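Notes to accompany the following structure.
The values are calculated or read from the model by the stated rules, or taken from the named source; none is laboratory data. This is a predicted model, so every value here is computed, not measured. Here the Cβ positions follow ideal geometry from the backbone for every residue, glycine too, while neighbour counts run over all protein chains shown. Note: areas computed on protein heavy atoms with side chains; ligands, DNA, RNA excluded. Shrake-Rupley method; radii C 1.70, N 1.55, O 1.52, S 1.80 Å.
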Amino acid sequence: MSTEAFVYDAIRTPRGRGKKTGSLHTVKPITLVTGLVDELRRRNPGLDTDRIDDLVLGVVSPVGDQGADIAKTAAIAAGLPETCAGVQINRFCASGLDAVNIAAMKVRSGMEDLVLAGGVESMSRVSMGSDGGAWAMDPETSYETYFTPQGIGADLIATLEGWNREDVDRYALLSQERAAKAQAGGHFANSLIPVLDRNGVVLLDHDEFVRGDSTLEGLGSLPASFEMIGELGGFDAVILQKYHWVEKINHVHSPGNSSGIVDGAALVAVGSEAIGTELGLTPRARIVSTAVSGSDPAIMLTGPAPATRKALLKAGLTVDDIDLFEMNEAFASVVLRFCKDMGLSAAEIEEKVNVNGGAIALGHPLGATGAMLIGTIVDELHRRDQRYGLVTMCVGGGMGIATVVERI
């Protein structure tokens, strides 16, 4: 007999610059997670850790500091009971959101009652792509499957849609402005947990990637990130074999209109109504539906729309029912394409989509971002007294993922 899955709490670390000079570089990824477990205990006195069935963590580069099953190791290190299991999952950029979705599935099936789910990625300590993989590393496989880096796909989307550099930079500037405003207005305060050192000294208490002083002129002066690798590295030629009617890819994405490399972690407490009543926990949202889907793996970044349609169908909702969207800003053109595919008007984009900025301004700690977005959208639904939110992300291999939540 199925039950409902509720979000009882959703917290995250700040996003630290993903460089050796970033404020979180000295903090081990496992420490980012255990710090959040400690905070969940503090914020929720009724949270009986003996009742936690599992800890599910998304990690996109599960090697080095993030290797093996970091979720079970973190559960032990955080002092959770030996009965709490732990599993690390990898669905590329969607790993953190999929961790939350898996937790919801466990609860809704009735097989488990209380699950902590989220993700962690310390990109300054474990570089993106360091885990290898046949798709990127095996020439035969990559050539036969039209493998190209995601940035090439983002540039191809812009080319196909006729969006130029100014178009994508204008969206990036909007993201920066919104993030700076949200940061100044304390919109992240409920979920953002400062990272402390072992002496209790604050290492970071805000998202340090935000550049509120960005200008359109400054963004336009940044070099295109994928032009050289596309033209000289041969990736343009690979993808244009499939999109043969396109004469040339217009490379418009730069560090300023692409998602930022950062460190960070997030945790979401997902449980049944019965466990919440038993432990005196107050639900903040209900997970209504989830979905994964796929699209062309060569262009790779158009999966959010089909995943969103699937999740809405499962929920019995339409796009008009959704009050807020969190669409991960992997690249500016990806958000613009999603909005076009879903038929969102300029006014709806202004009022509903990434209203507090996104990964272009805040950064994208790969394995954690999706879980962070759950907290962001639940907080904003409460702040605005609105009902339905939808989180969606593009994913490597052409996949898409979506989660519909309802404010309680």
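Points to keep in mind about this one:
- Residue match in segment 248-263 (condition: more than 28 Å from LEU174 (Cβ to Cβ), surrounded by fewer than 22 Cβ atoms within 10 Å (Cβ to Cβ) and not basic (Lys, Arg)): no
- Verdict on VAL378 being touching a residue at least 24 places away in the same chain (Cβ under 8 Å) and touching a helix residue (DSSP H, G or I) at 6+ places or on another chain (Cβ under 9 Å): no
- Residues considered: ASP197, ASP205. Of these, the only one that is of a type in the set (Asp, Glu) and over 20 Å from the mean Cα position of the chain (by Cα) is ASP197.
- Residues being within 21 Å of GLY186 (Cβ to Cβ), open to solvent by 10 Å² or more (accessible area, probe 1.4 Å) and over 12 Å from the mean Cα position of the chain (by Cα) - total across segment 353-394: 7
- Options HIS382, HIS364: the member that is of a type outside the set (Lys, Arg) and assigned to a loop (DSSP other than H, G, I, E, B): HIS364
- Residues located in segment 250-288, provided they are closer than 17 Å to VAL115 by Cα and not aliphatic (A, V, I, L, M): GLY271, SER272, GLU273, GLY276, THR277, GLU278, GLY280, THR282, PRO283, ARG284, ARG286
- Residue within segment 395-406 that is open to solvent by 10 Å² or more (accessible area, probe 1.4 Å), of a type in the set (A, V, I, L, M, F, W, C) and either assigned to a helix (DSSP H, G or I) or more than 21 Å from VAL100 (Cβ to Cβ) (or both) present: no
- Only one entry of GLY18, GLY22, GLY35, GLY46 meets the criterion of being under 26 Å from GLY133 (Cα atoms) and either touching a residue at least 12 places away in the same chain (Cβ under 8 Å) or touching a strand residue (DSSP E or B) at 6+ places or on another chain (Cβ under 9 Å) (or both), and that entry is GLY18.
- Filter result for the condition that a residue is open to solvent by less than 40 Å² (accessible area, probe 1.4 Å) and without any contact (Cβ under 8 Å) to a residue 40 or more places away in the chain, over LEU279, LEU312, LEU344: LEU344
- Among helices (runs of 4 or more DSSP H) entirely within segment 135-223, having at least 3 residues that are among the basic types (Lys, Arg) singles out 165-184.
- Of all the criteria given as (1) free of Cβ contacts under 8 Å to residues at least 40 places away in the same chain; (2) closer than 27 Å to PRO365 by Cβ, the one not satisfied by LEU203 is (1).
- Scope segment 290-301; condition open to solvent by 10 Å² or more (accessible area, probe 1.4 Å) and touching a Gly at 6+ places or on another chain (Cβ under 9 Å); matching residues: VAL292, SER293, GLY294, SER295, ASP296, PRO297
- Subset of segment 116-134 [assigned to a loop (DSSP other than H, G, I, E, B), among the small types (Gly, Ala, Ser) and out of contact with any strand residue (DSSP E or B) (no Cβ under 6 Å at 6 or more places or on another chain)]: SER127, GLY129, SER130, GLY132, GLY133
- Options VAL56, VAL33; residue that is in contact with a Gly (Cβ under 9 Å, 6 or more places away or on another chain), open to solvent by less than 50 Å² (accessible area, probe 1.4 Å), part of a helix (DSSP H, G or I) and of a type in the set (Val, Ile, Thr): VAL33
- Scanning segment 277-294 for residues that are modelled with pLDDT of 95 or more and among the small types (Gly, Ala, Ser), we see that the one that is farthest from ARG43 (Cα to Cα) is SER293.
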